[in-house]
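Since every read-out is calculated from the coordinates, none of them should be taken as a lab result. Given the structure is predicted, the values throughout are model-derived calculations rather than measurements. Note that each Cβ is placed from the backbone with ideal geometry, even for glycine, and that neighbours are counted across all protein chains shown.
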Amino acid sequence: MTSPNFIPSTKPLPFELHPSSIQGQGAFAIRRIRKGTRIIEYLGERITQAEADVRYDDESMARHHTFLFNLDKRTVLDAGTIHNEARYINHSCAPNCEALIEKGHIYIYALTSIEPGEELVYDYGYERTEDMGPEAEALYVCRCGAPNCRGTILAPAKKAPARKSSAKKAKTSSTSRKKSVSKSRGNKGAGVKKAAGKKSSAGTRKSTQRRAKSPSRKRAS
Ligand SMILES: [Zn+2]
């Protein structure tokens, strides 16, 4: 944190950083945080998806470790360079926080009421593609320790296998709409595949091998 790229929050934060049993440093509440509270902005260097592909190649890492966060189809925040305390908030499959996009910024909000001493966590929900098997899950292993831990920080696998039927299903179920949005990245639904296909078409296999965190959803305001 002595890095010149560390830009500490100017406001007093409701958490402090300690070693975490999940990974590295974690963010722990120092006072009660009410559900719905905007806790901190996730700061990062704004780069293009293409630039992120150049910087990071998941295939060359034994365990995935980047601080990328998808803002939208074109833009990624890289907290591997410029960052604040938000970078240290760990992933959990049983989150008490969520990341929301608001007017081009990513903020971490309290999803539940959080008691002092509790670690702040949100679901990173890394994009999963059809070709991702056990190997990918191992690269994105999760050790959050939650009873419902899915074992990976990749977003949960989608139930419907066929593309066409999944699209139909998503439309027929109104409750699933909110859900699918919450798991999608800035580029959502079928668009993901298209966009990914475009970008990664032909040679650039890399872009399909690089994953970034995804916001839960966009905040309507
Ligand atoms: Zn987990």
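Which of the residues belonging to segment 26-58 are surrounded by fewer than 18 Cβ atoms within 10 Å (Cβ to Cβ) and within 12 Å of ALA86 (Cβ to Cβ)?
Across segment 26-58, the qualifying residues are ARG38, GLU41.
Somewhere in segment 120-128, is a residue more than 23 Å from ASN5 (Cα to Cα), surrounded by fewer than 19 Cβ atoms within 10 Å (Cβ to Cβ) and among the acidic types (Asp, Glu)?
Within segment 120-128, none of the residues are more than 23 Å from ASN5 (Cα to Cα), surrounded by fewer than 19 Cβ atoms within 10 Å (Cβ to Cβ) and among the acidic types (Asp, Glu).
Can you confirm whether ARG34 is of a type in the set (Lys, Arg) and either more than 24 Å from GLY117 (Cα to Cα) or in contact with a helix residue (DSSP H, G or I) (Cβ under 9 Å, 6 or more places away or on another chain) (or both)?
no
Please identify the pairs in which a residue from segment 129-147 that is more than 10 Å from the ligand (Cβ to nearest atom) has its Cβ atom under 7 Å from the Cβ atom of a residue that is of a type in the set (Gly, Ala, Ser) and part of a loop (DSSP other than H, G, I, E, B), counting only partners at least 6 apart or on another chain.
Close Cβ pairs (under 7 Å, with a partner that is of a type in the set (Gly, Ala, Ser) and part of a loop (DSSP other than H, G, I, E, B)) amount to GLU137/GLY151.
In this structure, is VAL76 under 25 Å from GLN49 (Cβ atoms) and away from the ligand (no atom under 16 Å from the Cβ)?
So VAL76 passes the test.
Just one of ALA27, ALA62, ALA52 is in a loop (DSSP other than H, G, I, E, B) and on the phi < 0 side of the Ramachandran plot; which is it?
Exactly one of ALA27, ALA62, ALA52 is in a loop (DSSP other than H, G, I, E, B) and on the phi < 0 side of the Ramachandran plot, namely ALA62.
For segment 63-110, how many residues are of a type in the set (D, E, K, R) and under 22 Å from PRO14 (Cα atoms)?
4
What do you reckon, is ALA136 farther than 22 Å from PRO19 by Cβ, more than 14 Å from the chain's Cα centre (by Cα) and either assigned to a strand (DSSP E or B) or among the hydrophobic types (A, V, I, L, M, F, W, C) (or both)?
yes
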